[in-house]
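Q: The structure that follows is given in the form of structure tokens.
The values are calculated or read from the model by the stated rules, or taken from the named source; none is laboratory data. On a predicted model such as this, the values are computed, not experimentally measured, just so you know. Heads up, the Cβs are rebuilt from the backbone with ideal geometry, glycines too, and the neighbour counts pull from every protein chain shown. Protein only, heavy atoms only, side chains kept; ligands, DNA and RNA dropped before computing areas. Shrake-Rupley method; radii C 1.70, N 1.55, O 1.52, S 1.80 Å.
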Amino acid sequence: MSLILSAPARFRTGSQWTPTLYRGLATHFTRASASAALAHPSPSASQPVPDVASEGNLPMISMDGRKVTVGWDSRTWSRFHSIWLRDHCRCPECFHAITKQRMIDTFKIPPDITPIKINATTSGLQVSWPSSEPHVSLYPWSWLQTNSYDPPLRPRETQLEKIMWSSQIQTSPPTITYQEAMAEDDRGLYKWLNHVDHFGMCFISGVPPTPEATEELSQRIAFIRETQYGKFWDFTSDLARGDTAYTTLALGAHTDNTYFTDPCGLQLFHLLSHTHGSGGSTLLVDGFHVAATLKKLHPDAYSILSQTPVPAHAAGEPSALYQPYPTSGYPVLSHDPVTRELTQVRWNNDDRSVMNNLDPHQVEEWYNAIRTWQKLLTSADLEYWVQLSAGTAVIIDNHRVLHGRSAFTGKRRMCGAYIGADEYRSKLAVLREKFASTTSDSEIADRSVWNPAL
Ligand SMILES: C[N+](C)(C)CCCC[C@H](N)C(=O)O
Ligand SMILES: O=C(O)CCC(=O)C(=O)O
């Protein structure tokens, strides 16, 4: 039995629209209108999806077999599997309100579950489920729009705009002051991490020239990630550790930790002193810009660097022998499996191990590909050379920005720290909740179970 409610004017006569579509309570469509509606092609996901707020502007809803359909407007439809809806119920019984963890036993939901009733309310889609004890779920409309998968309606929260840069950035590199970074209201910290998210690096001026102040600065972001080099590092060219960073040698543009399965996310450097010598200039290169250029000019090389795993090792310490897992390593260029966006550059030719997994027919083209990569990496317009000095630290996204240094003489003391990639992103996400969204402090304190990140 279907309740025919008066459809609002805008849906009554539209050429593509059958007049028997409903709002509010619906148990099911008549066969004709349901198939017409469900068959209605959902336009590209780029269509603006109307905000749903008031009684007069509720979406059309229907259910047909194991799916619930929500019509946002005459051209935009989402279809949700009933099993998916039931599994994503976020009532306190099904989803822990404090820990934000699923409580419902997904595997006890009947695979063929279908609602006994659905209802469009101003708070969202209400679904009544068949069960021994009645269970009603409510899904906010905005949450349904955000998580619509058939079709996807909103671009996945992937990455904030990445601002590619070249050597020209030297005219005004992203910088914050130590005072801003240390301010307890976290506004400066948010500005700092937004710079890192957009540029992959940021300078910090006015840092007291001590390891203690530099360590404290690093810990404003998150706890320091300890490695075989220690926690907070304060190093010079004394081979205290088995790595050429602890020498006076030049280091070509590289990312650190290619020998880890999960390379550190951020790397902070603060040059404390350099006496009785010269050189030791710092090199920064936007690996995302180099990759974009490679993709445009040499797509075959880009593809090879995106597919060929590169083994690596850190074997300079007798007490450690680091290799990534699997030991075949990871490609120079890694991508998001969903969006296909570039997510990580991993490149350190000094730390690279034997290339013993290459297809014999690939060997020369692989070397041609890395040669082309290296040529771009070392091109004058992409290299940003900067002479660090005590008081100005720099932080880089080790998944995007490559760094290096020129050879030097004399006594040079550098300190800094690694921060984990997930710790960095978590802090930025929390700061975004605090500053970028309109939610009140109290709502921030009690993160919603409908938070788009969950
Ligand atoms: C930063 N710190 C001086 C502590 C260690 C440097 C390690 C460098 C290593 N070759 C790599 O590329 O990861
Ligand atoms: O000494 C420097 O300036 C940088 C050393 C380096 O590349 C590293 O520690 O990864």
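Q: With respect to TYR322, determine if the residue is hydroxyl-bearing (Ser, Thr, Tyr) and closer than 25 Å to MET164 by Cα. So that I can check it myself, show each step before the final result.
A: Values: hydroxyl-bearing (Ser, Thr, Tyr): yes; closer than 25 Å to MET164 by Cα: no.
Spelling it out, it is not the case that TYR322 is hydroxyl-bearing (Ser, Thr, Tyr) and closer than 25 Å to MET164 by Cα.
Q: Still on this structure, I have one more. Scan the stretch 347-378 residue by residue and report those that are touching a residue at least 12 places away in the same chain (Cβ under 8 Å) and β-branched (Val, Ile, Thr). Before the answer, list the steps.
A: First pass over the stretch 347-378, keeping only residues touching a residue at least 12 places away in the same chain (Cβ under 8 Å): 347-358, 362, 365-366, 368-370, 372-374, 376-378.
VAL354, ILE370, THR372, THR378, listed by residue number.
Q: Which ones in the stretch 234-281 are near ligand 2 (Cβ under 10 Å from one of its atoms), under 32 Å from the mean Cα position of the chain (by Cα) and of a type in the set (Phe, Trp, Tyr)?
A: PHE235, PHE269
Q: If you don't mind, there's one more thing I want to ask. Here's a check for you: in the stretch 234-266, which residue that is assigned to a strand (DSSP E or B) and within 7 Å of ligand 1 (Cβ to nearest atom) is nearest to ALA320 (Cα to Cα)? Before you say what the answer is, go through the steps one by one.
A: Step one: of the stretch 234-266, the residues assigned to a strand (DSSP E or B) are 234-235, 251-254, 266.
Filter once more, keeping what is within 7 Å of ligand 1 (Cβ to nearest atom): 235, 254.
Numbers: PHE235: 19, HIS254: 21 Å.
Of everything passing the filter in the stretch 234-266, PHE235 is nearest to ALA320 (Cα to Cα).
Q: Is it true that THR214 is open to solvent by less than 20 Å² (accessible area, probe 1.4 Å) and either in contact with a Phe, Trp or Tyr (Cβ under 9 Å, 6 or more places away or on another chain) or in contact (Cβ under 8 Å) with a residue 60 or more places away in the chain (or both)?
A: yes
Q: Yes or no: the stretch 390-405 includes at least one residue that is among the β-branched types (Val, Ile, Thr) and surrounded by fewer than 17 Cβ atoms within 10 Å (Cβ to Cβ). Can you show your working first?
A: We begin by selecting, within the stretch 390-405, every residue among the β-branched types (Val, Ile, Thr); these are 392, 394-396, 401.
Restricting the remaining residues to those that are surrounded by fewer than 17 Cβ atoms within 10 Å (Cβ to Cβ) gives none.
No; the residues of the stretch 390-405 include none that is among the β-branched types (Val, Ile, Thr) and surrounded by fewer than 17 Cβ atoms within 10 Å (Cβ to Cβ).
Q: Could I ask something else about it? Could you count how many residues in the stretch 225-254 are aliphatic (A, V, I, L, M), surrounded by 15 or more Cβ atoms within 10 Å (Cβ to Cβ) and touching a helix residue (DSSP H, G or I) at 6+ places or on another chain (Cβ under 6 Å)? Step through it out loud before you land on a result.
A: Going through the stretch 225-254, the residues aliphatic (A, V, I, L, M) turn out to be 239-240, 245, 249-251, 253.
Next, only the ones that are surrounded by 15 or more Cβ atoms within 10 Å (Cβ to Cβ) stay: 245, 250-251, 253.
So of that shortlist, the ones also touching a helix residue (DSSP H, G or I) at 6+ places or on another chain (Cβ under 6 Å) come out as 253.
So the count comes out to 1.
Q: Find all pairs meeting these conditions: Cβ atoms under 7 angstrom apart; at least six residues apart or on different chains; first residue within the stretch 135-146 and more than 17 Å from ARG79 (Cβ to Cβ); second residue small (Gly, Ala, Ser).
A: From the stretch 135-146, the pairs are VAL136/SER128; LEU138/SER123; LEU138/GLY124; PRO140/SER123; PRO140/GLY124.
Q: Considering the stretch 83-101 alone, what residues qualify as being under 26 Å from the mean Cα position of the chain (by Cα) and under 22 Å from TRP141 (Cβ atoms)?
A: TRP84, LEU85, ASP87, HIS88, CYS89, ARG90, PHE95, ALA97, LYS100
Q: Across the stretch 406-427, what is the total count of residues that are farther than 21 Å from THR244 by Cα and open to solvent by 40 Å² or more (accessible area, probe 1.4 Å)?
A: Counting residues in the stretch 406-427 that are farther than 21 Å from THR244 by Cα and open to solvent by 40 Å² or more (accessible area, probe 1.4 Å) gives 5.
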